[in-house]
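Asks: The structure under discussion is supplied below as structure tokens; questions concerning it will follow.
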Amino acid sequence: MRILIAPDKFKGSLNACEVAENIALGLRDVLHDAQIDIAPMADGGEGTAGVICHALDGSWLKCKAHDPLGREIDARYAWIENSQLAVMEMSEAAGMRRLSESERDPFVANTFGVGEMILNAAQRSAREIIVGLGGSATNDGGFGMARALGFRFFDSKNNQLQEVVDLGRLERTELPAILSLPKIIGAADVRNPLLGENGATRVFGPQKGATAGKVDILERALAKLADVVSKELRVDHRDEAGAGAAGGLGFALMSFCGAEIRPGFDVVAEAVGLKSKMKSVGVVITGEGSLDRQTLEGKTPVGVARLARKLGKQVFAIVGRASGDQEVRELFDKVYQLAQSGMSEKEQMSRAAELLRENARELAKIL
């Protein structure tokens, strides 16, 4: 029997490699002769650079950048030498993990550091840059990133604008004198547009610290940015899927960098050769911290399950917790979950490795 294990991370407890390794350990306790392959996965969220770096035997490069509040940091991104490919996560410079809870403020947080990372990779002669768009602390429409790349933004009195809240006064832009960028792919784990009820601000702004009043101001600011970009650059990406990813960074990558925004799962699956790995196995096992309605929006377990079904494979999920959503569960032959009655979330997370092995042993018994 040949089995492929292709999970995402369990956020807050184990990365994708650790999840896969613990599932493999549990399977081997029961299936002594099984051939087990491991393909840690991601979907554009945090962990994307690590997964691709691991799969393609890359290395890590460091560069100076600034965090969402303008503090200097040492940022890192993955580098695949043979293809001159840079793989970075916007959250490395502009993610929630860079801020304490009391520091979260989308009026102030910006993506300037992301632009610095992109410039560093371009200066190293990258032929392609992949940017993972998950885990953002920002809602600036990529305005900060554009400023780092050399774009300038002015109001009607020719004052240069520096903060996202000032974009309501935006009248014109000034392009960089010189800007040479390679092909850029934005890897998104959401498909939201920039604006509207399903847009970046209204859907994700509150979890980044935006109160109701701030949501309205930010929405108007991003609408003005989109209007001026459309008029001056003659491109309008506001309604495209993924434009609202990472607080509108998807929109900015398309508008200012000529980037293509793609489902993060597809980008990672191609990079790690998931389809070819899956063709030679009989059973596929995936997993993630949570399996629910949101999983259908391009998350790893659904991507793995749909590919497995297409190739005629059995597919199982081992997850932290699973909702009762029938549409999600029907994608899998069976779903196992770590959550147990009477067990707190904190205990579940601390015992994740042990519980993964336990569930893998149970799954092995039916194979």
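Asks: Between region 75-97 and region 301-367, how many Å separate their Cα centres?
Replies: The two parts, judged by their Cα centres, are 29 Å apart.
Asks: When a/c reaches 1.5 or more, the comparison of a/b and b/c decides; with that in mind, is region 239-293 rounded, prolate or oblate per its Cα gyration tensor?
Replies: oblate
Asks: Still on this structure, please answer the following. What does the charge count near G135 come to, summing +1 for each Lys or Arg and -1 for each Asp or Glu among other residues with Cβ under 12 Å from its Cβ?
Replies: Residues close to G135 contribute a combined charge of 0.
Asks: As a quick test, which of the pairs K11/K208; K11/K64; K277/K310; K157/K224 have an alpha carbon distance above 20 angstrom in this structure?
Replies: Check vs 20 Å cut-off fails for K11/K64.
Asks: Taking the DSSP beta bridges in the chain as the whole, what percent of them are antiparallel, to the nearest 5?
Replies: Around 35 percent of the beta bridges assigned by DSSP in the chain are antiparallel ones.
Asks: Rounded, prolate or oblate, given the Cα gyration tensor of the chain, with a/c below 1.5 counting as rounded?
Replies: Verdict is prolate for the chain.
Asks: Carbon and sulfur: what percent of the chain's accessible surface (1.4 Å probe)?
Replies: 45 percent
Asks: About the Cα centre of region 175-246, what is the dipole size in debye to 20, counting +1 per Lys and Arg Cβ and -1 per Asp and Glu Cβ, all else neutral?
Replies: 140 debye
Asks: Suppose every Lys and Arg Cβ carries +1 and every Asp and Glu Cβ carries -1, with no other charges. What dipole size does region 270-367 come out with about its Cα centre, to the nearest 20 debye?
Replies: The dipole of region 270-367 has a size of about 460 debye.
Asks: Could you calculate the contour length gain from W60 to D33, that is, 0.36 nm times the residue separation minus the distance between their Cα atoms, to one decimal place in nm?
Replies: Additional length available on full extension: 6.1 nm.
Asks: Mind ranking 74-81, 215-222 by how tightly packed they are, going by the mean number of other C-beta atoms within 10 angstrom, highest first?
Replies: Packing order, densest peptide first, comes out as 215-222, 74-81.
Asks: Taking a virtual spin label 7 Å from the Cα of R172 along the C-beta vector, which residues in region 121-154 bring their backbone nitrogen under 14 Å of it?
Replies: 152-154, by backbone N distance to the label point.
Asks: Now, a different point. Quick one: putting +1 on the C-beta of Lys and Arg, -1 on the C-beta of Asp and Glu, what dipole do you get for the chain around its Cα centre, in Debye to the nearest 20?
Replies: Once rounded to the nearest 20, the dipole reads 460 debye.
The values are calculated or read from the model by the stated rules, or taken from the named source; none is laboratory data. It should be emphasised that the depicted structure is a prediction, and the values quoted were computed from it without experimental measurement. Quick reminder, even Gly has a Cβ in these numbers, built from the backbone with ideal geometry, and neighbours come from all protein chains shown. In case anyone asks, the SASA skips ligands and DNA or RNA and just uses the protein heavy atoms, side chains included. Shrake-Rupley method; radii C 1.70, N 1.55, O 1.52, S 1.80 Å.
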